[in-house]
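This report concerns only the one structure given below.
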Amino acid sequence: MIFAAPLALLGLAILPPLFLLLRLTPPSARRVKFPPLALLQNLASVEQTPRHLPIFLLVLRLIAVTFLILGFAGPTLRPPPSLPGSGTVLLVIDDGWASTQAWPQLINTAQSLTSAAGIENRSIAILTTTHDDSNAPLRIQRVMSAAAAAQFLAAMVPRPWPPDRDAAAKLLGATPESTRLYLADGITDGPGFTRFINALRPTRSFIPSALAPLLGAPALGTDGALKLHASFPSHAVLRAESADGDVLATTKFDASGDAAITLPPMIANKIARFTLDGPATAGGTVLADSTTHENLAGLATATGDANTPFLGALYYLGRALPRGTRIMTGPVEKLLASKPSLLLLADTPLAPAEATTAESYIRDGGILVRFAGPITAATPDPLSADPLMPGDRRLGGALTWASPEVLAPFPEDSPFYGLQTDAKTTVSEQILADPLTLDTATVWATLHDGTPLIIGKAYGRGYLVNILTTANTDWSNFPLAGLFPAVLGRLAALGQGVPSDLNTPLTLSSVENAFGQLAPPAVHASIMPSQRIAAVISPEHPPGLYGNGAAGLALNLAPHVAPPVAAYLPNAIKFGKDPPPQRLGPALLAFAFLLLAADLIVSLVLRGALSRRRFAVLILLWLPATAHAQAAALQTKLGYILTQNATVDQVSAGGLSYLSADVSAHSSVQLGAPTGLTPGVDDLSFYPLLYWPLLAQAPPPSPAACSALASYISSGGLLVIDTQGGDAADGGSGAGFAPGATTAMTRATACLNLPPLEALTSSSVLAHSFYIIPDFPGRFTGARILIATPAGRDADGVTPIIIGQNDWAGAWAHGANGAPEESPLPGGESQRIIADRFGINLVIYALTGSYKSDQNSAPALLDRLGQ
Amino acid sequence: MSSAASLAQANTLAADLPRLIIAAERLAFVAAPGLHGRRRGGHGDSFWQFRDWQSGDDLRKIDWRRSAQGDRLYFREREWQAQASITLALDDTPTLQFSSEKSLPTKRDRAMLLLLALASILLRAGERVALAGITPPTAGPDALQQIAVALLVGGKASLDPQARRISFGDFLGKNPQFPAPAGGAVMHILDPAECDFPYQGRIIFEGSTNGPPLEASKAETWASAYRARIAAQRDAVAKAARDAGATPLFHRTDHPPAPALTALYQALLLR
């Protein structure tokens, strides 16, 4: 412990004389008017010794003075080390992506340096080497006090891009020499670093104990594994997470910093991000996009020579699919079951059952591409984008006049628009779409004479594409052309929604902060897909997701920042892990003033200026009222009576919570969460509406509960008793759900001194108070509901009690996932809507009374106006 | 006292007047219910009954309108009211302006309340009431108002030496004495603090006049001696009252005023 102002401790020397002085000074006298003064004359001789200050007051004052002196001396626990040099201290702080890893330690060290400067009465300037979100030019923060610097540091956040070394070097070169403390991220991130260090010439440098890891972009191996490389993987575990945060796989890095994840494609395509174990940082996070995701293509053919080199259809298809596509082969039904994103069928007829499955596969987002061939030409099936004609047309054979046709340029609305056709690609045999029923919109490619060659159509979320020639070289040389893989690539891209245009800028949709978390962007940024490779992470191109959905691109730190290398900083000190120094002065001063305040009160009491009663009032003002009642009084909320049955209580709570939220959403009433109450124990008077689920087997309420409920309904409360079903003999859909309900009702309400009751009808205010509703259903409907007769209502015409058996809470109750818990009988969801509306009416009725009673006469008034 | 200050004081007093009178009359009703006329014809202000005129009766008291209805002459007989002149005296010393607690009235307030309440009872009983040295004996429905105003504003009138005299005050002076005519009463009013001396600790006592204050280092040590002295003073007042033929009465301002008023009334009835 050290003292900021040790000279103040000399003040302790005044304590002994103060002790004597206080001891000699009697408590100050109280002046009192006293008319019979004459009668008091000559009594003074009776008592001579002056009254001393009470000893406890003396001790209290001495302690208070001691604390004051100690407080002014400014003691500090765990003092920070002293700083080199003198004068203003310049803190140079790296707040780029690489600082995130050890950010708390960095700020801790900075704070400790700041308090050291504060103790030495030195002012502080701060230079952060990284641009902020708005990409403002770097500047040295104006010279500030240690306290202001501490606040500035506490508000600092690291940025997810690298520091601007050049700008910092320029600034430092133009700044006069002073004590310069450099809190580094510990890496050199490019050639500018040497220039920066030369301009900085730090008096002292601080570096993190471990360097920030940088996780590289995943690469898809030929074996289907995702390979990732990380520099400085201090925490050697890699996690693959889904968009929901589920960890899909974890793996370890090997010594060279490589890791591989192998997952089934269906699961691998769910990966939204890769993260390193340990502190979450932007450097340790890689966001996945569609380029990361693997395509699964299913190939099947009915011909025998499927895989024969240069002959089989699958031989060509397998080579023409985009790189990284994982290929499955097998029977059609098996392929359909594994739901590949692309399914290519070469000359394969489909059985009716398979056709049905295939159709639902397409509707779910699959892409089915069917190549024609001799078998399908002989046995056409109806699953095609347009009706096809049986048989085939042959061009350029020995028996025909016509020569093989070349492809026409792709029409503008075709997915292949932009691909170049060449004159060497010819088709000598094809099947024909029926020209009578041909929908020209489905034609994606034609031959030069206008005959459709590729027809395709969207079904649901997927596509059905017919290529009217073979996938091998039997009928055309199309599979040999460079166009063929481009066409297949476009078809594969259909499923991913990848933009065909690389020059349409994608807008930043989610920005990644330095801690690897995604947030809505605060600034506008966009990137051209074509620029992505060369992009450098900066405030202009912050890391994050650009574009939406499957077409989006992820911009990650790696490889768009300079590869990190450990920096050489001579005599650098590692960030300390010590907690920041603790200043005791303010606490001591506060305690001393508390003691002095106590001394004041005691002195006033001793002088009689503060009577006992006033003192008690003062103390009472300090005591907080009971939190429960205060909370209830400050926020309007609904109450329900606790039963012995946990399930029922839960339904009551859930129902009233939903109702409270519903009322708050639809009206200006803002209700708090409902409270479970035990009458006779809790104060009921704060609740405008009390819901009482009365169970058939419930015992009658205790006398205390009875009187509490009776006083509640007589003093303006609205008690809703719900037996949640009725006897078998009762009407309504709830009959038989609660045998014994009538007996229980009679038993429970015997002591309540109920007013005379009548049936609730749709002419009541309850049917108009917010919504106009025809009846009052809950989970059940149709049973008689009783309210007080007009004579039994209060001055506002509000019934104090509603008795029903419709299980309203059951209709209102929604589970944690927002889904309703119970199903209304017999009306289903439409009944629940009315039940919700009745709930809102009920609350509004309890709060506003007969405010809407004129609505009852509205039809009659309108009728009269019409005449 | 400047004229502006006295005007201000008069205004304050006038604002207090209705309240004071109402309080006094209420107290009078509480203390002495059912005090009415003597139910006999005689000299009085209120009509009692008609009777036939007899020779020798005052002609001015014939009710001519009633008599014109028949052949007889009707004579308006008034209720006989035994009137006695009673002097109420407020010994208005500066020491009266004192109450030891805010919730208690000052001794002067209590004395005025008792005085006016007694005046109200007496006036309703038909007595003529005077304020010693301030108002002459007055009776009638407005008399209470006049007395109350005079009590607050002051006045000058000669004293009726024969009238029974009721004195109100705290009588803290040395050798209290009361004037002679017998049959009166002396109401000695003190504050509870003056009786009990509840003070403790270091206290500076200031008198009502400009005398030097007295300091007690431990006030509680003075209590017993003081209590003996105040008891002696009460005895002296009682003795002086008895010597003057008056009934000595005592009242503390923390006690309800109704019993004190009843005691006063009883003291007057007994004579």
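Looking at A:Gly810, is it over 25 Å from A:Ala710 (Cα atoms), surrounded by fewer than 22 Cβ atoms within 10 Å (Cβ to Cβ), in contact with a Pro (Cβ under 9 Å, 6 or more places away or on another chain) and not aliphatic (A, V, I, L, M)? When the stated conditions are applied, A:Gly810 does not pass them.
Across the stretch A:770-789, the number of residues qualifying as touching a residue at least 60 places away in the same chain (Cβ under 8 Å) and open to solvent by less than 40 Å² (accessible area, probe 1.4 Å) comes to 4. Working only within the stretch A:209-225, note down all residues that are modelled with pLDDT of 80 or more and open to solvent by less than 10 Å² (accessible area, probe 1.4 Å). If the condition is that a residue be modelled with pLDDT of 80 or more and open to solvent by less than 10 Å² (accessible area, probe 1.4 Å), then A:Ala212, A:Pro213, A:Leu215 are the ones that fit.
Just one of B:Leu264, B:Leu190 is within 11 Å of another protein chain (Cβ to nearest Cβ), under 18 Å from the mean Cα position of the chain (by Cα), of a type outside the set (Gly, Ala, Ser) and within 18 Å of B:Asp170 (Cβ to Cβ); which is it?
Working: B:Leu264 fails: within 11 Å of another protein chain (Cβ to nearest Cβ).
Testing whether each residue is within 11 Å of another protein chain (Cβ to nearest Cβ), under 18 Å from the mean Cα position of the chain (by Cα), of a type outside the set (Gly, Ala, Ser) and within 18 Å of B:Asp170 (Cβ to Cβ) leaves just B:Leu190.
Any residue at all in the stretch B:211-220 that is in contact (Cβ under 8 Å) with a residue 12 or more places away in the chain, in a strand (DSSP E or B), facing another protein chain (nearest Cβ under 10 Å) and open to solvent by 30 Å² or more (accessible area, probe 1.4 Å)?
Yes; the residues of the stretch B:211-220 include at least one that is in contact (Cβ under 8 Å) with a residue 12 or more places away in the chain, in a strand (DSSP E or B), facing another protein chain (nearest Cβ under 10 Å) and open to solvent by 30 Å² or more (accessible area, probe 1.4 Å).
In the stretch B:164-187, which residues are among the small types (Gly, Ala, Ser), within 14 Å of chain A (Cβ to nearest Cβ) and within 19 Å of B:Ala267 (Cβ to Cβ)?
Filtering the stretch B:164-187 down to residues among the small types (Gly, Ala, Ser) leaves B:167, B:169, B:173, B:180, B:182-185.
The next check asks that each one be within 14 Å of chain A (Cβ to nearest Cβ); those that pass are B:169, B:173.
Matches in the stretch B:164-187: B:Gly169 only.
Of all the listed residues (A:Ala64, A:Ala4, A:Ala13), the sole one being modelled with pLDDT of 80 or more, among the hydrophobic types (A, V, I, L, M, F, W, C), farther than 30 Å from B:Thr221 by Cα and surrounded by 16 or more Cβ atoms within 10 Å (Cβ to Cβ) is A:Ala64.
Restricting attention to the stretch A:553-605, and to residues there that are part of a strand (DSSP E or B) and open to solvent by 30 Å² or more (accessible area, probe 1.4 Å), which single residue is farthest from A:Asp185 (Cα to Cα)? This residue is A:Arg583. Scanning the stretch A:365-392 for residues that are touching an Asp or Glu at 6+ places or on another chain (Cβ under 7 Å) and part of a strand (DSSP E or B) returns A:Phe371, A:Leu388, A:Met389, A:Asp392. Of all the numbered requirements in (1) without any contact (Cβ under 8 Å) to a residue 24 or more places away in the chain; (2) open to solvent by less than 30 Å² (accessible area, probe 1.4 Å), A:Ala795 misses one, and that requirement is (2).
Report whether or not B:Gly201 is in a loop (DSSP other than H, G, I, E, B), within 7 Å of another protein chain (Cβ to nearest Cβ) and in contact with a Pro (Cβ under 8 Å, 6 or more places away or on another chain). Yes, satisfied.
Exactly one residue out of B:Leu152, B:Leu172 is open to solvent by 20 Å² or more (accessible area, probe 1.4 Å), touching a residue at least 60 places away in the same chain (Cβ under 8 Å) and assigned to a loop (DSSP other than H, G, I, E, B): that is B:Leu172. When the residues of the stretch B:181-204 are filtered to those that are under 30 Å from A:Ala29 (Cα atoms) and small (Gly, Ala, Ser), the one that is modelled with the highest pLDDT is B:Ala193. Contact map, the stretch B:240-261: first residue in a helix (DSSP H, G or I), second residue surrounded by fewer than 17 Cβ atoms within 10 Å (Cβ to Cβ) and modelled with pLDDT of 90 or more, Cβ cut-off under 9 Å, separation 6 or more or different chains; pairs are B:Ala260/B:Phe250. Cβ separations smaller than 9 Å between residues 6+ apart or across chains give the following pairs from the stretch A:696-708 residues that are at pLDDT 85 or above to residues that are exposed (fewer than 14 other Cβ atoms within 10 Å of the Cβ) and assigned to a helix (DSSP H, G or I): A:Cys706/A:Ala750.
From the list A:Ser652, A:Ser667, A:Ser714, A:Ser660, which residue is open to solvent by 30 Å² or more (accessible area, probe 1.4 Å) and of a type in the set (Ser, Thr, Tyr)?
On the way: A:Ser652 fails: open to solvent by 30 Å² or more (accessible area, probe 1.4 Å); A:Ser667 fails: open to solvent by 30 Å² or more (accessible area, probe 1.4 Å); A:Ser660 fails: open to solvent by 30 Å² or more (accessible area, probe 1.4 Å).
Every option except A:Ser714 fails the conditions.
Please return the ranges of helices (runs of 4 or more DSSP H) entirely within the stretch A:82-200 where 2 or more residues are under 17 Å from A:Ala572 (Cβ atoms) and open to solvent by less than 10 Å² (accessible area, probe 1.4 Å).
Those helices (runs of 4 or more DSSP H) span A:103-119, A:192-200.
The values are calculated or read from the model by the stated rules, or taken from the named source; none is laboratory data. Just so we're clear, the structure is a prediction, and the values are computed from it rather than from any experiment. Every residue, glycine as well, gets a Cβ built from its backbone with ideal geometry; the counts of neighbours run over all protein chains shown. Just the protein is used for accessible areas: all its heavy atoms, side chains included, with ligands, DNA and RNA removed. Shrake-Rupley method; radii C 1.70, N 1.55, O 1.52, S 1.80 Å.
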